[in-house]
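The values are calculated or read from the model by the stated rules, or taken from the named source; none is laboratory data. Since we're looking at a predicted model, the values are computed, not measured. FYI the Cβ positions are ideal-geometry reconstructions off the backbone, even for glycines, and counts take in every protein chain you see. These area figures cover heavy atoms from the full protein model, side chains too; ligands, DNA and RNA do not enter into them. Shrake-Rupley method; radii C 1.70, N 1.55, O 1.52, S 1.80 Å.
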Amino acid sequence: MVSKATCEEKWFSTHNFSRVVTVSSITSFIALKNCSSELQNSRSETITEEELVGLMNKFVEDTKSGVHRKEGWPDTRALTYEVSKMGVTVLSRIHARKLSEQRRGDRIFLNACSPGWVRTDMGGPTAIKSPEEGAETPVYLALLPSDAKGPHGEFVTEKKVEQWGPYPQFPPWDPL
């Protein structure tokens, strides 16, 4: 996982008042919502990196074996993308928790965010946001002032915190 390696390498050399932003997707909520209740419950606030890596590896193996539905994983049109973004979001929350424990008082904020449905090769020509508009939330988080109180360890879309869980209030632009 590139996000995992990057954060592990950089966060302890990060200066006070730094901002770390991981780009995820609102589809991570779709994946979570469509997982079995057992998998949804594994998203607890205490999940470890090792447990998350184990879950992601299980997803890969279950998908390769064709048993992902039976094992409680979602069966959606963008299956691997959604589950990978769910992993990125949870990993961001884990790293934020570690920062809070190990760098308390340093005012380093780490958040996951969704740029929205953006006109890119992936988003397609009918997406409603330009790349510049899609960059607004990540840039907003990266430029939080040094006296900001947060957000930290959150999922942010449209510059607003979205409570992590299987039942979000999807933004009006959400095509799903």
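Which of the residue pairs 70/98; 98/129; 33/70; 33/85 have a Cα-Cα distance greater than 22 Å in the structure shown? Cα-Cα > 22 Å for 70/98; 98/129; rest within. Projecting label points 7 angstrom from Cα along Cα→Cβ for residue 64 and residue 143 puts them 4.4 nm apart. Extension gain, residue 160 to residue 119: 0.36 nm times the residue separation minus the Cα-Cα distance gives 12.6 nm. Taken along the Cα-to-beta-carbon direction at a fixed 7 Å, the label points for residue 33 and residue 17 span 4.0 nm.
For Kirkwood radius over Cα pairs in Å, the value calculated from this model appears in (i) 16.8; (ii) 20.1; (iii) 18.1 under label (i).
Using a probe of 1.4 Å on the protein chains alone, the accessible area found for residue 38 is around 150 Å².
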